[in-house]
Amino acid sequence: MRLITELNIADPDGIYERLIALHDGCSDEESMRINARLVLLLINHIGDPEAIGEALACAAGDDS
Amino acid sequence: MNETAMHDWRTNIPVWRQMEASPLPEAAPHEHAKIVIVGTGPVGLAQAIELGQRGHDVVVLGRFDFVPAGSKAICFSKRSLEILDRLGVGGNAVERGVIWNIGKVFWGAEADPVYQFDMLPVKHQKMPGFINIQQYHLEDLLLERAGELPNIDIRWGHDVVLVEPAGDTVRLDVSTATGQYQVETDWLIACDGSKSTVRDMLGLDFDGRVFEDNFLIADIKMKGERQSERWFWFDPPFNSGQSALLHKQPDDVWRLDFQLGWNIDREACIRPENVDPLVRAMLGDDIDYQPEWYSVYTFQCRRMTRFVHDRVIFAGDSAHLVSPFGARGCNGGLADIDNLGWKLDLVLQGKADVSLLESYNDEAIVTADENILNSTRSTEFITPKSRISTIFRDSVLELANRFPFARGFVNSGRLSTAVCYRESVLSTPDIDDWKAQGVPPGAPAIDTPYGSGWLLEQLGGEFTLLVHGKPEFELAGAKLLDIAEIADNDLLIARYGLTRSAAYLFRPDQYVAARWKSPTRAMMEKSLLRAKGAAMSCA
C-alpha cells in the first residue's frame, strides 16, 4: 500500500480545528464546494496516482 | 437520592462532613497575617500545605463550616498525584482512589472500541496515569495533612465580605456567626472557586464562552466486577445522537455522564424515574444499584486576563474554568499552586525579587490556555455545532475502525497531563544538541526509579542539580544528586540523556530549568539566578 494510513501529522487536533473552522457559517452547498476544492488541491499535492487510487478506494469503503 | 445525605440548611448544599465553626481569632477585631488563602477546596488546602511545609504561617478562610458532598472533581492526573505526593498525601490518595490508565472509546452499537489510549505510556514511574477519587475524600486527606502542620490555621464559617487592596497589604472584612473582624494580610491567594467573591469584589474580568449543552451526572452505587477504565461513547444506542461516559470511583460508586442537549427540563431530568432507564440501558436491565447523586450541569470556558493583581493572586477555578472533558479543572488548579508555592516562598524569604511572581502569572496562563484549548476542541468534537462538523466527526469515527491515522483525530477528551512552559523566562535555552533526547527546559521531570525509591522523591521541593559524576565545585542554593552513586542508573541515563558530566537543574516544582552536556560553574550559577527570576527583575 502506498497510501499512508498511520498518523502522519504532529497536531491532529489543531488541524481538525482549522478544518472545521473553514466551514463556519457555510451552507451545506458551500461546504460541499469547499470540500471539493480541498480534495482537488490535496490530490494534486499528493501526485502519486497509486496512492490517490488507494485513497479513492478507501474513501468509497471498498478497500477490504 | 441518597436519603442519608445531610443538607446545609442555609445553602441547601449537601454536606459530606460537618466541621465546627471556628471562633473569632484572638487578635480580632484587627489582625495581621502574612498569607491568607480564601477557599477550603482542594486547591486552597493544597496551597496551604505547600506554603505551610515551607515554614510559612497561613490562614485559610472557608465560607462554609462543612466539606460539601455531591458530584465534583473525580479524576486526578499523574502530575497532580506527584504534586500531592510532595504535599504528603499522594500515597494515601492512590490507596483510597481507583487507579486507571486505559481509556476506551466506543461508537454507536459496536461492542469493540474504535480507539483506546494508555495514560501511562512511559512505565516505571511511582504514580499511575490517573486515579479517580471523590473530591471530598481528597479534601479529607488534605485536611488531615494540614492538621499536622501547626502553622496552618483553617477557619470554617469565615466569610470574606470585603476585599480592599492597600498598597503592600490587602484589607479583608471577615464575617462569622459570632461577629465580624478585619485582617490585614501581606498576600491574599484567592482559591475561592468559579464564583470567586474575591474576584467579584475587586471587579475583575472573567471572560469566555458558555456552551449550550446539558449533561446529566448520575453517581450510582453498584456492586460487581467491572474494569476500572474510562469508557466513552459517541452516539450509543442508549443515548442516541449524544455522548456518554462511565468512570469508576471508590466505594463501588460509578459515575455515569449523559449528554442531554440544550432544550431540556432540568428538573425532570434528575428525577430517579427518568434517570433509571438511562442507567439500565447503559449497564444492563439486571443491575442492582442505589442512586448516590444526580445533577445536571452546563459548562463554560473562561479565564481572567491576569492572575496576579499586586498582592492578590488567583489560583484554580477562580482564575480559569474549563469544560470537564479531559479532567483539566482541578488538575489545572493543582498545577497553579505547585507553580506559585515555591515562588512566593522565595519572595517571602527575600531570596527572589517580587517580580518572580510575574512568572507565575505567565506560566499559569500558559497552563490555563492549554487546558481551555484542549477542552474546547474536545467539546467541539463531542458535540459538533453544524451538519458538516457532524459529518466530519462521524467520518473520523468510521475511518478509525479501519485506519490507525484516524484514531489520532478521535477526541473524547484529551486528558490532563503536565503542561510545558516552552517560552518561560525562567528557563535557560539549550546550548547543546540533545538529539531530541531527555527532558527539555520548561518541561516537568519524568519520574524514574532511583535507587530503592523514585527520582521525584529525591528532587523533592527545592532546586536540585542532577549530575552524572560529581562536579569539582558546589552550586550554592541547589541540592546535588549524583546518579553515578547509584547502581542501575541505565534508565535514568536513557530518559534524561544523562551521559557522563552532563547535568540538569530542576526548579523546586520539579520542572527543568536548564541542562548541559558539560557545564561550567558560571553556566550553572547563571541558570540558577535566571530560574529565580533574575531576567524578570532586569526586564
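Considering A:GLY47, A:GLY61, A:GLY53, the condition of being more than 30 Å from B:ASN371 (Cβ to Cβ) and either at pLDDT below 95 or touching a Cys at 6+ places or on another chain (Cβ under 6 Å) (or both) is satisfied by A:GLY61 alone. For B:ASN214, the criteria (1) touching a helix residue (DSSP H, G or I) at 6+ places or on another chain (Cβ under 7 Å); (2) in a loop (DSSP other than H, G, I, E, B) hold in every case but one, which is (2). I'm trying to understand the selection: among the residues of the stretch B:12-62, which are among the charged types (D, E, K, R) and crowded, with 18+ Cβ neighbours inside 10 Å? Passing the criteria: B:GLU31, B:GLU50, B:ARG54. Filter the stretch B:352-398 down to the residues that are within 14 Å of chain A (Cβ to nearest Cβ) and small (Gly, Ala, Ser), then identify the one that is farthest from B:TRP233 (Cα to Cα). Filtering first and then ranking leaves B:SER386. Among the residues of the stretch B:162-171, not a single one is over 24 Å from B:ASP310 (Cα atoms) and at pLDDT 95 or above. Scanning the stretch B:267-300 for residues that are surrounded by 17 or more Cβ atoms within 10 Å (Cβ to Cβ) and outside any helix (DSSP H, G or I) yields a count of 8.
The single condition among (1) at the interface with chain A (Cβ under 8 Å from one of its Cβ atoms); (2) over 29 Å from the mean Cα position of the chain (by Cα); (3) not in a helix (DSSP H, G or I) that B:ILE431 does not satisfy is (1). Of all residues in the stretch B:302-322, at least one satisfies being part of a helix (DSSP H, G or I) and on the phi < 0 side of the Ramachandran plot. Residue selection: B:GLN510 fails the criterion of being free of Cβ contacts under 8 Å to residues at least 40 places away in the same chain and under 27 Å from the mean Cα position of the chain (by Cα). Residues of the stretch B:403-428 that are within 30 Å of B:VAL105 (Cα to Cα), among the polar types (S, T, N, Q) and more than 14 Å from chain A (Cβ to nearest Cβ): B:SER416 alone.
The values are calculated or read from the model by the stated rules, or taken from the named source; none is laboratory data. Quantities reported herein were computed from a predicted structural model and do not represent experimental measurements. FYI the Cβ positions are ideal-geometry reconstructions off the backbone, even for glycines, and counts take in every protein chain you see.
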